[in-house]
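Data first, discussion second: the structure below is written as structure tokens.
The values are calculated or read from the model by the stated rules, or taken from the named source; none is laboratory data. This structure is a prediction, so every number in the text was calculated from the model and none was measured. Heads up, the Cβs are rebuilt from the backbone with ideal geometry, glycines too, and the neighbour counts pull from every protein chain shown. To get the accessible areas, we keep the full protein, side chains included, count just its heavy atoms, and leave off ligands, DNA and RNA. Shrake-Rupley method; radii C 1.70, N 1.55, O 1.52, S 1.80 Å.
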Amino acid sequence: MAKVEYMGELRTQAVHLKSGQTITTDAPTDNQGKGEAFSPTDLVSAALSSCMMTIMGQVANREGIDLRGLKTEVIKVMSASPRKIAEIKITFSHTDLRVTEVQKQKLKNAALTCPVALSLSENLKQHVVFNF
């Protein structure tokens, strides 16, 4: 699926084998890094949001819903000892989502049961807010 190389100075580069797309990570400034790119824990948090949106998109396609314009704000909360992600806060927003209440619930359920959400530790708090 990917090849990852350590580039030195707490930086890695991952290459997606099928597409050739690359992702660079950098340690955050509060953990000896330069903070010039996503940290690995940033990517986990962003991946949760992206996964939720992707699964919501599948539901939207089946339901004939236009999800374009759906956005999230992602906040990652780290714990100090041990250093790990303690909480991921995701706030969904859409200014003009045209759905029924039943469709809205289907979208929410899809987000909360995406593969990344289900793969993360039960000890990692996932706080999700839907503003639509």
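Figures for the structure shown
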item: Qualifying residue in the stretch 1-8 (condition: among the aromatic types (Phe, Trp, Tyr) and part of a strand (DSSP E or B)); result: yes
item: Flag if GLY20 is without any contact (Cβ under 8 Å) to a residue 12 or more places away in the chain and more than 20 Å from the chain's Cα centre (by Cα); result: yes
item: Qualifying residue in the stretch 71-87 (condition: more than 30 Å from ASP30 (Cα to Cα) and either assigned to a strand (DSSP E or B) or open to solvent by 80 Å² or more (accessible area, probe 1.4 Å) (or both)); result: no
item: Residue identified as without any contact (Cβ under 8 Å) to a residue 12 or more places away in the chain, touching a strand residue (DSSP E or B) at 6+ places or on another chain (Cβ under 9 Å) and open to solvent by 60 Å² or more (accessible area, probe 1.4 Å) among ASN61, ASN123; result: ASN123
item: Within the stretch 103-112, tally of residues that are within 24 Å of PRO40 (Cα to Cα) and open to solvent by less than 40 Å² (accessible area, probe 1.4 Å); result: 1
item: Any chance LYS108 is in a helix (DSSP H, G or I) and either out of contact with any Leu (no Cβ under 9 Å at 6 or more places or on another chain) or in contact (Cβ under 8 Å) with a residue 60 or more places away in the chain (or both); result: yes
item: Residues of the stretch 6-16 that turn out to be surrounded by fewer than 11 Cβ atoms within 10 Å (Cβ to Cβ) and in contact with a strand residue (DSSP E or B) (Cβ under 6 Å, 6 or more places away or on another chain), as a count; result: 1
item: Within the stretch 93-102, tally of residues that are open to solvent by 40 Å² or more (accessible area, probe 1.4 Å) and either of a type in the set (Val, Ile, Thr) or in contact (Cβ under 8 Å) with a residue 40 or more places away in the chain (or both); result: 3
item: Breaking point among (1) over 26 Å from ALA14 (Cα atoms); (2) surrounded by 14 or more Cβ atoms within 10 Å (Cβ to Cβ); (3) touching an Asp or Glu at 6+ places or on another chain (Cβ under 8 Å), for ILE90; result: (1)
item: Count of residues meeting criterion [in contact with a strand residue (DSSP E or B) (Cβ under 9 Å, 6 or more places away or on another chain), open to solvent by 50 Å² or more (accessible area, probe 1.4 Å) and either more than 13 Å from THR12 (Cα to Cα) or assigned to a loop (DSSP other than H, G, I, E, B) (or both)] in the stretch 28-41; result: 5
item: Boolean, LEU48 is under 30 Å from LEU112 (Cβ atoms), in contact with a strand residue (DSSP E or B) (Cβ under 9 Å, 6 or more places away or on another chain), free of Cβ contacts under 8 Å to residues at least 40 places away in the same chain and not in a strand (DSSP E or B); result: no
